[in-house]
Amino acid sequence: MPQPHSLTRREALRRAALGALALPLLNSSSFAAEKSAAPAAAPAGDGREHGLRLGIASYSTRMMTLDESIAVVKSLRISNIALFKNHCNWETASVEECRAVGEKLKAAGLTLTGSGVVNLPNDEAKVRKAFENVRAAGMATMVCKPEPAALPLVEKFVKEFDQKLAIHNHGPEDKVFPSPDHIWKEIERFDARIGFCIDVGHTARSGADPSAVFRKYAARLYDIHMKDTQAIVGATRDIAVEIGTGRLDIRGMLRTLRDLKYAGVVSFEYEKPTGNPVTGLAESLGYVRGMLAGMA
């Protein structure tokens, strides 16, 4: 039994993350300078840096409040955010709650580019609610996991709301969408606004090369979850690490996305269970920013 004054793991991570906001590491341009002699460039209005729009998926800060997450994202010089259900539950919140969240982000200078994975069952009322909620918040792309049987219904709402969807793949442990190829088999006959959120770590575990997947599905590539992993092909459990310390070809992925003139967001998703999300994101962003500066 925990002692009366002991911290829960959730609270300990939250305090550690908030304390890390003061670290010099958060000025990731200094970290990037170690990777490249090219000067750091200020992000463009849409968050574009050296050809790619960078963002953060708030799953990374799921142990923190929405206000704390906003502070972290701004401290990292990022203007695009995708909100996890801990910060706004797109499936169950009210339209008014979702609208208020959207207004809060806008007031903070952030663009709501996506969501955590929104489950879309074969239930018209539940699907309509999710669409109404993301529209109220002003979300650009709903990152989701529809039931395959629900896709005709989902397409109906895509047309009605003119809403772009990005279906998220998980790894070999996922029985519905373990890989991008499984997603394509289900969506190829549906409206082109139904596309992909490619999770590069899960894609690699499924045995596919993320860069090859980007090229293959470029026409419907709407979001990317950028991360690194030490897990091997076929692993049913991820081993998340800071970008640049795992097995993935980060440089190859960035080069491919630049070559494709990818217009969506590269959303950093830091999932290391024992890591500090703020320093982990700062390291990961610094690594990528340095590589992009070198390519430019």
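All of the numbers you see were taken from the coordinates with simple rules; none came from a lab. Just so it is clear, the structure is predicted and the values come from calculations on it, not from any experiment. Please note: Cβ atoms are built from the backbone with ideal geometry, for glycine as well, and neighbour counts cover all protein chains shown.
Peptides 146-157, 231-242 ranked from most to least packed, by the mean per-residue count of other Cβ atoms within 10 Å: 146-157, 231-242. If you take all other residues with their beta carbon under 12 Å from the beta carbon of residue 130, and give Lys and Arg +1 and Asp and Glu -1, the sum is +2. For a paramagnetic label modelled on residue 295 (point 7 Å from Cα along Cα→Cβ), amide N atoms under 13 Å away belong, within the stretch 241-262, to 249-262. Listed by Cβ neighbour count within 10 Å, with the fewest neighbours leading, 115, 179 appear as 179, 115.
For the Cα trace of the stretch 9-295, dividing Rg by the Kirkwood Rh returns an Rg/Rh value of 0.94. Look at the dipole of the chain built from charges on Cβ: of 47, 198, 296, the Cα furthest out on the positive end belongs to 296. The charge dipole of the stretch 9-295, taken about the Cα centre with unit charges on the Cβ atoms of Lys, Arg (+1) and Asp, Glu (-1), comes to about 360 debye, rounded to the nearest 20.
Averaging Cα coordinates gives a centre for the stretch 232-296 and one for the stretch 92-111; these two points are 27 Å apart.
For the cross-link pairs 106/156; 145/185; 126/227; 74/145; 74/227; 85/126, the ones whose C-alpha atoms lie over 25 Å apart are 106/156; 126/227; 74/145.
Extension gain for residue 156-residue 185 works out to 8.6 nm (0.36 nm per residue, less the C-alpha to C-alpha distance).
For the stretch 9-295, the antiparallel share of DSSP beta bridges with both residues in that region comes to about 10%.
Counting beta carbons within 10 Å around each of 87, 225 and listing the fewest first gives the order 87, 225.
With K and R counted +1 and D and E -1, the other residues having a Cβ less than 12 Å from that of residue 93 yield a net charge of -1. Applying the Karplus relation 6.51 cos²θ - 1.76 cosθ + 1.60 with θ = phi - 60° to the stretch 281-296 yields 3J(HN,Hα) values of 5, 4, 4, 5, 5, x, 4, 5, 4, x, 5, 5, 4, x, 5, 6 Hz, where x marks Gly and Pro. Between beta-carbons, use under 12 Å as the cut-off and find the net charge around residue 112, counting Lys and Arg +1, Asp and Glu -1. Net of charged neighbours comes to +3. For a label point 7 angstrom out from the Cα of residue 233 toward its Cβ, which stretches of the stretch 203-224 have the backbone nitrogen within less than 19 Å? Zone members listed by number: 203-217.
Over the residues of the chain, the helix contribution to mean residue ellipticity at 222 nm works out to -12000 deg cm²/dmol, using -39500 (n - 2.57) for each DSSP H run of at least 4.
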